[in-house]
1. Does residue 818 satisfy the condition of being more than 26 Å from residue 702 (Cα to Cα), surrounded by fewer than 21 Cβ atoms within 10 Å (Cβ to Cβ) and modelled with pLDDT under 80?
2. Out of 403, 472, 443, 464, report the one residue that is touching a strand residue (DSSP E or B) at 6+ places or on another chain (Cβ under 7 Å), modelled with pLDDT of 80 or more and outside the structural domain of residue 137 (by TED's automatic domain parsing).
3. Is one or more of the residues making up the range 497-505 modelled with pLDDT under 85 and more than 21 Å from residue 598 (Cα to Cα)?
4. What number goes with the only condition from (1) in contact (Cβ under 8 Å) with a residue 24 or more places away in the chain; (2) within 24 Å of the chain's Cα centre (by Cα) that residue 210 does not pass?
5. Those residues that are closer than 14 Å to residue 403 by Cα and part of a helix (DSSP H, G or I), I need them from the range 447-457; list them, please.
6. Restricting attention to the range 615-669, report how many residues are within 30 Å of residue 794 (Cβ to Cβ) and modelled with pLDDT of 75 or more.
7. Please report, ordered by residue number, the helices (runs of 4 or more DSSP H) entirely within the range 1-94 with at least 1 residues that are at pLDDT 80 or above and surrounded by fewer than 17 Cβ atoms within 10 Å (Cβ to Cβ).
8. Any residue at all in the range 290-301 that's assigned to a helix (DSSP H, G or I) and outside the structural domain of residue 338 (by TED's automatic domain parsing)?
């Protein structure tokens, strides 16, 4: 309902005139994307799909080029939206609400929707965009008519409606075409969440099996017989990546009626291997500009030529092939889509005049094809005729800016970026003179860094992927036009041996094992840490600028898919693996230095390595539960002291507290210190810090900041690292605490104690700072409070993040039933903390206090939780109440920047929290029956009062935060 209400406001306030309004949508592929698109279409909007791979500059350009009235974004891309926000001044950015779980019979009929468009040939459905290889992606409009007119329609009961399809293609790309075909054919389509779930062979096959076994209804459960994907994913599922078919991916594909690939060319070796295994592989050709064009659909039993595309539709004459200047031999022809092509429609809406690039209305694609030697109207893709490199995952890049950086060197004459149909790019370097090789090597690193600074993430270049053409004879063979520009297609053909050798070296195929490093596990860990630091450079992301730890999840450290490919290449080139091969997804599957080192040493020494499956994860989950559930053994004779004070100095308890520098932790320390020594003898605070003195000073300053008192003799502070052995403390201190501690209060505050939200990591990555740390402190931390634990590990989403939550829940449940901790393990979930009831002190740098301060800066507050607004008014603040998005806009327009206007630093958070008008949306229900039964204070808690609000306002005035 939020989209409906917000859309109506836009239609009224923003959509003057006759032109159809447009909004831009930035969201991961899945239900949130689909609901947002359909809702906006129902409101009369055209929706511009923005790929999350776009840079903030590209997003700003697309919002402007499509004349969007707003940018709708999913919380998954809040940071990206916030970065783009500065470039779309005056256009609101609005966070999408979470899509609630659908329940049968809970649907609500929406009234007052705009009427259907009078002319579907002109009304926009959605807007694709080009990849922006020239730096500015161009919008490609799709009308309601052009989207569906060419598609076949089916009646219920038709054979096409009796099977389902599974697609891994994102909705913001070709996935929406798969969706529209399914809608028109009245068939079922399953969407793989590729934006938020790691793309691994085990994940894809696991998702497929879950969908194929799902009972859609008692009478309608069509089997999946079509697998729709892209080259990168099919490569992971192919015999080339997994010769033994450990996870059953190839067998799964062989059981399909059709397996299609599109978006980029599939490597010939991969396609041939799939077809050899009985896979009905079909290539699909289409484009954002022209829609669907050709396919290699054929008689699979008798025709194995999966790469050859058939131009045999009733509109075959609308596709023409012309000689291209980029191939003087005439063997490769450029495809021209004429104005007669049915899915290439026009729209009169400005500024969308981009579907044609010739005066006669034709569209020159820039794609080159070679003609089949025997079959008429059959073509095979032969590369790009323009200045574009297409990687195997479909990502495109313009090589010219990278090459220009290298040519800026006085010692380099030319550079040729390569990598067509590869996972990463490389570069051939042509020196000006034979004696300049040493100079080039000396400045190569600087040139690479300069090129990478201006390139997107998928176009990052590694030093190991550069090679110098030292032979003057070979360098002189570089094909150039009469204008002196490199003829790229011919150059790739001419230097194919050098290109193949470069990528073979990246795969470790050109270096003999005896010449590679044979390192033991410790030395290999150090080597890997050095390579990761080189890859990350100044982009390193970590708390407190710490050194990379061997068990740190590499993707949380800043490694992305391109850096993962480069790290894999570095291992293959330099490390002796005993002649073994590293899987393409080796870094995703082994996402820490320790895991990679273990794998590599195991391969060299002959230890069998098998690709992990979902069932392996299930087994590991049970193993971790068992590993950390042996409380009798782990705690020695602590059961002797269970429930009894252990201190010899008094009868008071010794309490260990973590998180004492936070707001709640400071108050817990203060409250515990007020108890008599006979109740609490000593509070032990475990705090991060270089040493105990620094850790103590952090706690002291935290107490002073909140006007809290705590006698120094009541507490002691130790520097600790919860994920390390002995909690990072001296063994003697740890053993002493282990013997004397009666109560542990573990606060999951801060990124190091809480769960790191990285969905690409395997379960093992969460053992260190998360599972182990929580077990050592006897309590867990999870996103949602469940009052009944699931005993089935399959209920956890098959990614490490969710699996680690299940594991720790089971460990805590076991602890609570153990002899040592019987009925002693408790979990409390704390929500938003406000000012305390005595002093009213509330951290002035948090979102709520700064929002309240805006009442005096911009004279307005967002219309949320009116009881709080009433309390602020009673406390003497004067302000107007405006809709949240309007309030955010006022903050944007307020004077000053982040340095002199504290409100500006919170814009990103406020866009997430208050950038939408959802005050009428009911809050999610939280079951708390058991919690209120054991906590009288919780059961008796009441909403915040006007008196309490007044106390907080007074504290802010006393500190000068408010006037």
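The values are calculated or read from the model by the stated rules, or taken from the named source; none is laboratory data. Because the structure is a prediction, the values reported are computed rather than measured. Positions of Cβ are generated from backbone atoms using ideal geometry, with glycine treated the same way; all protein chains shown enter the neighbour counts.
1. Working: more than 26 Å from residue 702 (Cα to Cα): yes; surrounded by fewer than 21 Cβ atoms within 10 Å (Cβ to Cβ): yes; modelled with pLDDT under 80: no.
When the stated conditions are applied, residue 818 does not pass them.
2. On the way: 472 fails: touching a strand residue (DSSP E or B) at 6+ places or on another chain (Cβ under 7 Å); 443 fails: touching a strand residue (DSSP E or B) at 6+ places or on another chain (Cβ under 7 Å); 464 fails: touching a strand residue (DSSP E or B) at 6+ places or on another chain (Cβ under 7 Å).
Only one candidate qualifies: 403.
3. Filtering the range 497-505 down to residues modelled with pLDDT under 85 leaves 504-505.
With more than 21 Å from residue 598 (Cα to Cα) added as a condition, the list becomes 504-505.
Yes, because at least one residue in the range 497-505 is modelled with pLDDT under 85 and more than 21 Å from residue 598 (Cα to Cα).
4. Only one criterion in (1) in contact (Cβ under 8 Å) with a residue 24 or more places away in the chain; (2) within 24 Å of the chain's Cα centre (by Cα) is unmet by residue 210, namely (1).
5. To start, the set of residues in the range 447-457 that are closer than 14 Å to residue 403 by Cα comprises 447-455.
Of everything in the range 447-457, those that are closer than 14 Å to residue 403 by Cα and part of a helix (DSSP H, G or I) turn out to be 447, 448, 449, 450, 451, 452, 453.
6. We begin by selecting, within the range 615-669, every residue within 30 Å of residue 794 (Cβ to Cβ); these are 615-634.
So of that shortlist, the ones also modelled with pLDDT of 75 or more come out as 615-631.
Matching residues across the range 615-669 total 17.
7. Values: elements: 2-13, 31-42, 56-65, 78-85.
By residue number, 31-42, 56-65, 78-85.
8. Step one: list which residues in the range 290-301 are assigned to a helix (DSSP H, G or I), which gives none.
The answer is no; no qualifying residue exists.
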